[in-house]
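Undergrad: I have a structure I would like to understand better, so I am pasting it below and will then ask my questions one at a time.
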Amino acid sequence: MSKTPLKVMLIDDDETILETLQFNLKRHGFETFAFKNGKHALVEFDEKNPSLVIIDWMLPDLVGPEICKLIRSRSSDVPILMLTGRARPDDVAEGLSSGADDYLCKPFSVVELMARIQALLRRSLKDTAAAKGQGKIIVGELILDDDAKSVTHKGKVVDLSPKEFSLLKVLMKNVGKTLSTEVLLNKVWGADFQGDTKTVAVHVRWLRQKLEEDPKNPELLETVHRSGYRLNEKG
């Protein structure tokens, strides 16, 4: 049985570099997603759920360090490798302090690139294995296992996206409490989130479709008029 390939998100507006990266990564068994601007990549970040991100410093919309900060604001610990032609010590320091894990100057060899990628992934897997999980959160018949990143409801596994999982975890940790849209945005999407605030309502709707017997008349995940959302111990 073949293994599922690790996913790498590439963010670079240089077509030649993107093609080179994609060719070599695919040759080494990785699945790639290429983007030419940072905003588009950030919109797709949660859905793609990459194992590694490679970012060019200079982009037409957001510069590399800005993208790093926005990724880290989402509480993501995905390894980030920054590519750039800027090799001054101050630039290196800025790139790393923004959240990048490694920094590779252009021009670079494919051999060095692949070595850096493998080192970042080994470190990430080791850190994940060593990290202590938060255990299980149980609300009625709803069980969230933070170690296994799994959810079961009434004995059945519920397939959630990473953001749906994070949103549900915040709600379950605050069972019985009403949380405003602003609080949920800050805890799940990060304080620097610049998208539409309606994304919370959309994700709540998706959760209801997966958890409620009647999503149009929810009992578990309740809307509190003009206040926010509350997870009840029902269901």
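Undergrad: Give me the angle, in degrees from 0 to 90, between the Cα long axis of helix 38-48 and the longest principal axis of the Cα atoms of the chain, rounded to the nearest 10.
TA: Long axis of 38-48 versus the principal axis of the chain: about 60 degrees.
Undergrad: Follow-up question, since we're still on this one. Starting with the highest mean, order 112-120, 219-227 by the number of other Cβ atoms within 10 Å, averaged over the residues of each peptide. All intermediate terms of the calculation are to be shown ahead of the outcome.
TA: Numbers: 112-120: 15.8, 219-227: 13.2.
Averaged packing, sorted descending, gives the order 112-120, 219-227.
Undergrad: What's the angle, to the nearest 10 degrees (0 to 90), between helix 110-130's Cα axis and the longest principal axis of the chain?
TA: Between the helix axis and the principal axis of the chain, the angle is about 30 degrees.
Undergrad: Explain nothing, just compute: Karplus ³J(HN,Hα) = 6.51 cos²θ - 1.76 cosθ + 1.60, θ = phi - 60°, for every residue of segment 91-106 in order, whole Hz, x for Gly and Pro.
TA: Once θ is set to phi - 60°, the couplings for segment 91-106 become 5, 4, 4, 5, x, 6, 6, 7, x, 5, 8, 8, 9, 10, 7, 7 Hz.
Undergrad: Can you list residues from other chains, or at least 5 along the same chain, whose modelled amide H is less than 5 Å from the amide H of LYS106?
TA: For LYS106, whose amide H was placed from the backbone, the distant partners under 5 Å are THR84, GLY85, ARG86.
Undergrad: Based on the Cβ-Cβ distance from LEU125 to ALA93, what FRET efficiency comes out when R0 is 30 Å, to the nearest 0.05? Spell out each step's value before the answer.
TA: Values: r = 27 Å, r/R0 = 0.89.
Step by step, r from the Cβ atoms, then E = 0.65.
Undergrad: Related question: Would you work out if segment 7-130 is rounded, prolate or oblate? Take a ≥ b ≥ c from the square roots of the eigenvalues of the alpha-carbon gyration tensor; rounded if a/c is under 1.5, else prolate when a/b is larger than b/c, oblate otherwise.
TA: Values: a/c = 1.11, a/b = 1.04, b/c = 1.07.
Rounded, because the longest to shortest axis ratio a/c is under 1.5.
Undergrad: In nm, to one decimal, how far is the GLU19 label point from the SER73 one, both placed 7 Å along Cα→Cβ?
TA: Roughly 3.5 nm, to one decimal.
Undergrad: Please compute the modelled spin-label separation between PHE193 and ILE138, points set 7 Å along Cα→Cβ, answer in nm with one decimal.
TA: 3.0
Undergrad: Still on this structure, I have one more. Please state the charge dipole magnitude for the chain, taken about the Cα centre, from unit charges on C-beta atoms (+1 on K and R, -1 on D and E), reported in debye and rounded to the nearest 20. Don't jump to the answer; show the numbers that get you there.
TA: Details: 35 positive and 35 negative charges, 143 e Å.
Using only the charged Cβ atoms, the result is roughly 680 debye.
Undergrad: Between VAL111 and ASN49, what FRET efficiency follows from the Cβ-Cβ distance if R0 is 22 Å, with the result rounded to 0.05? Write down the numbers at each step before the final one.
TA: Values: r = 28 Å, r/R0 = 1.27.
Working from the Cβ atoms, E equals 0.20.
Undergrad: Residues with amide H under 5 Å of PHE35's amide H, sequence separation 5 or more or different chain, H placed in the peptide plane at 1.01 Å from N; which?
TA: Amide H neighbours of PHE35: LEU10, ILE11, ASP12.
Undergrad: Rounded to the nearest 10 degrees, what's the angle between the helix 162-173 long axis and the longest principal axis of the chain, both from Cα atoms, 0 to 90?
TA: 40
FYI, it's all coordinate maths here, none of it is from the lab. The shown structure was predicted, so the numbers you read here are calculated from the model rather than taken from an experiment. Every residue, glycine as well, gets a Cβ built from its backbone with ideal geometry; the counts of neighbours run over all protein chains shown.
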